[in-house]
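Below is one structure, written out as C-alpha cells; comments come after it.
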Amino acid sequence: MTSRTDDDLDRMLRATFAAHEHLADPDRARALAHEVTSGGAVPSRATSVRRRWIVGLAAASVVALGAGGAAVWSGRHTAGAVASGSATSATAPSEWDREQAAAAAERAGREADREAAAAQTARNRAAASAEVHRLISLAPQVPGATATRARSGGDDLATYFTNQVGADRWFAVPATPAATLAYLRAHPPAGLTLAEQDPQWNDYPAGRLIALRYVADATSALTAPQLDLSIIETPTGGVLYRVQAATSWRPANPFASLVGGVTEVSYSIVRPVDSTMSSSYTVARGVLRDPAAISSLTTAIAALPGQPQYVGHCPFQGYSDDVFVFTTGTGASVTVDAHLTCPEAVIVTIGHDGSSLQLADPQALDTLWQSLARK
C-alpha cells in the first residue's frame, strides 16, 4: 500500500471537490431527482429508493470531501498557531512561571548546600585522622625505647569534645624516670606549644606518672589537637613512655541550606550589668528588617566553623547571650543562640522539632552584631 503525504491528500481532496462540486448545487440535485422520478418508464419502488439514495449520497460525499479538505487546511494552520504560541510563551514567561523557576532554583541551591556540608564533614573526619598521625610522628624517640603492649589505668588524653579521634603508642624505656623526663624536655616536638609549664607527678593505677602536654592550633576542620608525652614508673620499677595524640573533627556548617527568603530577624541581647556577673542583666529586644543587615548577619553565621559538643565542666560565668530568630516568607523559623560564656558556642535550632547544630566563635558574631546595632 502506497503511503500518502499530507500534500498528496490535500491535492486529491481539492481535485475530487472540483470534479463533483456541481452535484452539491441545490438546483442540480432537484433536477436529478425529477429525472429519476418522472422519466419515461415508471421505476419500481426498489429502483426509486436506490436512485434517491445515490443522489443523496453524491451530494453528501461532496460536502464531506469539502469538509475534509477544510479540516486538513485548518489542522495545519492550527498546529502552526500552537507552535507559534509555544515560542511566544517560551520567550515571555508569565509571572507564575518566573516564581516557580525562582523557587526551584532556591530548592536546588539548598540541596547543593546540604550535599556540600556532608562532603565537608567527611573531609573534616579524614583531616582529624591525618592530624593524629602527624602528631604521633612528632613525638621524640627516646634512645633505647622498644615498643610494648598498651596498659590501662593511666591518664587517658581527652579533648573534652565529641567527635574525638585518637591514637597512642607505648614503649619500654631502659633509663630512669628522671633521665627520660630530661630527654623529653630537651627535645620538644616541633611546631607545638607546651600547655603546662610545670607538670607534677601523680599516682595512677598504672604507676607514678608525669605528662608533658603540647597543643597545636585549631583549624576550620578540627579543634583541640593535642600531643601528650607521659612517663610512667610502674609498681615493679619499670619505666614506660606513652605517646598519645587526639583531636576532634568539626561538623560542617549547613546554615546556608537552612535559611532562604528571610523576611525578618527578631533579636534579644542579654548582658550582665557589670563585670561581677551578678544576677542583674540588661536586655535589648527588637526586629531587624533591613535586607542588607539581614544578609550580613546570615553570611557571617554561614561562615562560622562547626563545633563538636563540649563535654567538659564549665564554671558559671554569668549569662551573656545573643539570640536571633530568622523568619522566612513561609513562616519557617531558625533560632541562633550565641553563648558568650563557657562553653563558648553558637547553637542553631531548626524549627520546632528541637534538632540543632553547634558552631564556634560566638565572639566574632557578637562583634558583628554590635557593629550592626550601632548603625
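The values are calculated or read from the model by the stated rules, or taken from the named source; none is laboratory data. Everything numeric here is computed off the predicted structure, so don't read it as measured data. FYI the Cβ positions are ideal-geometry reconstructions off the backbone, even for glycines, and counts take in every protein chain you see.
Does segment 223-243 contain any residue that is outside any strand (DSSP E or B), surrounded by 17 or more Cβ atoms within 10 Å (Cβ to Cβ) and more than 28 Å from the chain's Cα centre (by Cα)? Break it down into steps so the answer makes sense when it comes.
Taking segment 223-243 and keeping what is outside any strand (DSSP E or B), we get 234-238.
Applying the additional criterion that residues be surrounded by 17 or more Cβ atoms within 10 Å (Cβ to Cβ) yields none.
No, there is no match, as no residue in segment 223-243 is outside any strand (DSSP E or B), surrounded by 17 or more Cβ atoms within 10 Å (Cβ to Cβ) and more than 28 Å from the chain's Cα centre (by Cα).
Of the residues that make up segment 206-218, is at least one exposed (fewer than 12 other Cβ atoms within 10 Å of the Cβ), free of Cβ contacts under 8 Å to residues at least 60 places away in the same chain and either out of contact with any strand residue (DSSP E or B) (no Cβ under 9 Å at 6 or more places or on another chain) or farther than 24 Å from Ser248 by Cβ (or both)?
Taking every residue of segment 206-218 in turn, none turns out to be exposed (fewer than 12 other Cβ atoms within 10 Å of the Cβ), free of Cβ contacts under 8 Å to residues at least 60 places away in the same chain and either out of contact with any strand residue (DSSP E or B) (no Cβ under 9 Å at 6 or more places or on another chain) or farther than 24 Å from Ser248 by Cβ (or both).
Every residue, every condition in (1) within 19 Å of Ala246 (Cα to Cα); (2) modelled with pLDDT of 95 or more, yes or no:
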{"position": "Ser152", "(1), (2)": "yes, no"}
{"position": "Leu157", "(1), (2)": "yes, no"}
{"position": "Tyr160", "(1), (2)": "yes, no"}
{"position": "Phe171", "(1), (2)": "yes, yes"}
{"position": "Pro174", "(1), (2)": "no, yes"}
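Just to verify a result, which residue in segment 281-319, among those that are surrounded by fewer than 18 Cβ atoms within 10 Å (Cβ to Cβ) and hydroxyl-bearing (Ser, Thr, Tyr), is nearest to the chain's Cα centre (by Cα)?
If we take residues in segment 281-319 being surrounded by fewer than 18 Cβ atoms within 10 Å (Cβ to Cβ) and hydroxyl-bearing (Ser, Thr, Tyr), then Thr299 is nearest to the chain's Cα centre (by Cα).
Provide a single number: the residues in segment 247-262 that are in a strand (DSSP E or B) and surrounded by fewer than 24 Cβ atoms within 10 Å (Cβ to Cβ). Even if it seems obvious, please write down each step before you answer.
First, pick out the residues of segment 247-262 that are in a strand (DSSP E or B): 247-249, 262.
Remaining after also requiring surrounded by fewer than 24 Cβ atoms within 10 Å (Cβ to Cβ): 262.
Residues flagged as in a strand (DSSP E or B) and surrounded by fewer than 24 Cβ atoms within 10 Å (Cβ to Cβ) within segment 247-262 amount to 1.
Identify the residue in segment 155-175 that is β-branched (Val, Ile, Thr) and part of a strand (DSSP E or B) and, among all such residues, is farthest from Ala139 (Cα to Cα).
Among those residues, the one meeting the criterion is Val165.
Taking segment 174-198, which residues are surrounded by fewer than 17 Cβ atoms within 10 Å (Cβ to Cβ) and closer than 18 Å to Ala158 by Cα?
Those that are surrounded by fewer than 17 Cβ atoms within 10 Å (Cβ to Cβ) and closer than 18 Å to Ala158 by Cα: Thr193, Leu194, Ala195, Glu196.
Please find, within segment 125-154, the residue that is farthest from Gln200 (Cα to Cα) out of those that are of a type in the set (S, T, N, Q) and assigned to a helix (DSSP H, G or I).
Ser129
Within segment 212-232, track down each residue that is at pLDDT 95 or above and either of a type in the set (S, T, N, Q) or farther than 30 Å from Ile301 by Cβ (or both).
Answer for segment 212-232, where residues must be at pLDDT 95 or above and either of a type in the set (S, T, N, Q) or farther than 30 Å from Ile301 by Cβ (or both): Leu212, Arg213, Tyr214, Gln226, Leu227, Asp228, Leu229, Ser230, Ile231, Ile232.
Could you list, in sequence order, all residues of segment 324-350 that are β-branched (Val, Ile, Thr) and either closer than 18 Å to Pro305 by Cα or buried (at least 16 other Cβ atoms within 10 Å of the Cβ) (or both)?
Across segment 324-350, the qualifying residues are Val325, Thr327, Val334, Thr335, Val336, Thr341, Val346, Ile347, Val348, Thr349, Ile350.
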